[in-house]
Amino acid sequence: MNPPPIPLPADETERLQALRAYMLLDTEADADFDLLAELAAALCGTPYAFISLVDEDRVWYKSRHGRAVVQNPRQLDYCAWSILQPEGLDIADLRQDARTALLPPTVGPNAYRMYSGANLVSSSGHCVGVLCVLDTQVRQLDGRQRQLLARLARQVVALMELRLRDVELEHANSALRRLALEDELTGLRNRRALLAELEREFNVCRRYGSPLSVLMLDLDHFKYINDRHGHAVGDAVLRGLGGLLREGLRQVDLPGRLGGEEFAVLLPGSAAEGALQLAEVLRQRIEAARFAGAETLCVTASLGLASYAPEQADAAELLRLADAALYRAKLGGRNRVAC
C-alpha cells in the first residue's frame with residue numbers, strides 16, 4: 001500500500017511566494033536557528049528537532065538537531081501534513097495515524113513513532129514551514145510543552161524576519177555604495193571614484209616604476225546632438241558609449257565619466273606607445289558605432305593621451321596633461337587622438 005497523497009493548501013501560490021521571500025532555502029547553517037531547534041528538543045524532551053521549510057516539492061531543513069538529514073520529498077514528510085492544520089500537527093503514534101503510518105520515516109530503519117509540529121506563520125499569514133520535534137517512542141507532549149513549542153515557533157519566525165531585514169539592509173547598503181561610485185546613466189565609475197582610482201594607480205606607478213597612461217575623451221559636438229535631437233537621444237549616446245567602454249577595453253583598464261560628455265580611461269601597465277594604439281582603436285570604434293536609441297547618428301570623439309613621467313608632481317598633473325592633449329585634439333579638427 002502507498003501512503004495517501006498530501007493535498008496542497010488553498011493558499012499554496014501565495015504561501016510559496018512568502019516562503020521564497022525570506023531567501024532562506026539552501027542557505028548555510030546558522031547558529032541562531034540551530035539553538036532554537038536544540039531548545040525545542042530540550043524543552044519537549046525529544047531526541048530530534050527540525051526547523052523545516054515546506055517548498056514546492058520538498059521539505060528542506062534549515063536546522064537539524066539529532067539527525068543530519070537535509071531534506072525529504074514533500075509527499076513523504078510529516079511537515080507537509082502539519083501546514084494543512086492551523087494549529088499544527090500532533091501525533092502520539094505515527095503508526096496508528098492513516099496519514100503517516102505508511103510514510104518511509106515511520107516504517108524505515110530508526111523509524112519515528114511520535115511527531116509534534118508548530119507551524120511557522122509568516123508576517124503575511126501564510127504557513128511556510130514547521131518547528132517540529134520527534135521521538136522513536138510513542139508519547140504525547142503535555143500542554144505546557146505544546147505551548148512552549150508554539151512560542152519557540154514564533155521566535156523562529158522572528159529570526160527569519162530579522163535575517164530578511166539583514167539581507168535587505170545589505171542590498172540597500174550595496175546600492176548606496178554603488179550609487180556613490182557609479183555614474184547612474186552610463187554605469188561607469190563617476191568622477192569621484194575615477195579620481196580616487198587615478199590617485200591609487202599613480203602611487204603604484206611611482207612606487208614600482210610601472211607604466212601608466214590616462215586617456216581623456218570628449219564627444220564631438222555633443223551640444224548639437226542635444227539641441228537638434230533632444231536630450232533623450234543625447235542620453236542614449238552616453239549610455240551607448242558607456243557600454244562600448246565597458247566592453248571594448250582590457251579588464252585592467254578603468255573607464256569613467258568625469259561629467260557631461262567628458263570621459264576618462266585609466267590604462268595601468270600601458271606606456272605611451274601602446275596607449276596611443278589603444279586610443280586610436282577606440283576612436284575608430286566610436287566612429288563606427290551605432291548606439292541604440294541614436295542609430296541615425298554618426299558620433300565621433302576627440303581623445304587626449306598622457307603617460308606617466310617621473311617629473312610629474314602628482315596624479316592631478318597627469319590628468320591635466322591628458323586634458324591639455326584633448327584640447328589639442330579639438331583644435332586639430334576633432335575626431336582624432338593627441339598626446
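The condition of being out of contact with any Phe, Trp or Tyr (no Cβ under 8 Å at 6 or more places or on another chain) and modelled with pLDDT of 95 or more holds for only one of LEU305, LEU282, LEU238, that being LEU305.
Looking only at residues of segment 209-257 that are surrounded by 14 or more Cβ atoms within 10 Å (Cβ to Cβ) and of a type in the set (Lys, Arg), we find that the one that is farthest from the chain's Cα centre (by Cα) is ARG257. Going through (1) assigned to a loop (DSSP other than H, G, I, E, B); (2) touching a residue at least 24 places away in the same chain (Cβ under 8 Å); (3) over 28 Å from VAL233 (Cβ atoms) one by one, VAL299 falls short only on (3).
Would you be able to tell me the number of residues in segment 180-194 that are open to solvent by less than 60 Å² (accessible area, probe 1.4 Å) and closer than 13 Å to VAL265 by Cα?
Adding up the residues that qualify gives 4.
Might you let me know whether segment 178-188 holds any residue that is in a helix (DSSP H, G or I), without any contact (Cβ under 8 Å) to a residue 24 or more places away in the chain and touching a strand residue (DSSP E or B) at 6+ places or on another chain (Cβ under 9 Å)? Within segment 178-188, one or more residues are in a helix (DSSP H, G or I), without any contact (Cβ under 8 Å) to a residue 24 or more places away in the chain and touching a strand residue (DSSP E or B) at 6+ places or on another chain (Cβ under 9 Å). If you filter segment 266-323 down to residues that are of a type in the set (Ser, Thr, Tyr) and out of contact with any Asp or Glu (no Cβ under 7 Å at 6 or more places or on another chain), you find that the one that is least open to solvent (accessible area, probe 1.4 Å) is SER270.
Checked across segment 316-337, the condition of being touching a helix residue (DSSP H, G or I) at 6+ places or on another chain (Cβ under 6 Å) and either within 23 Å of LEU185 (Cβ to Cβ) or part of a loop (DSSP other than H, G, I, E, B) (or both) holds for at least one residue. The residues of segment 117-144 that are free of Cβ contacts under 8 Å to residues at least 40 places away in the same chain, part of a loop (DSSP other than H, G, I, E, B) and closer than 18 Å to GLY66 by Cβ amount to a single one, GLN137.
Do the conditions hold for ARG177, that is, is it within 26 Å of ALA316 (Cα to Cα), open to solvent by 50 Å² or more (accessible area, probe 1.4 Å) and within 32 Å of the chain's Cα centre (by Cα)?
Working: within 26 Å of ALA316 (Cα to Cα): yes; open to solvent by 50 Å² or more (accessible area, probe 1.4 Å): yes; within 32 Å of the chain's Cα centre (by Cα): yes.
Criteria met by ARG177.
The values are calculated or read from the model by the stated rules, or taken from the named source; none is laboratory data. As the structure is a prediction and not an experimental result, all values here were calculated from the model. Heads up, the Cβs are rebuilt from the backbone with ideal geometry, glycines too, and the neighbour counts pull from every protein chain shown. Just the protein is used for accessible areas: all its heavy atoms, side chains included, with ligands, DNA and RNA removed. Shrake-Rupley method; radii C 1.70, N 1.55, O 1.52, S 1.80 Å.
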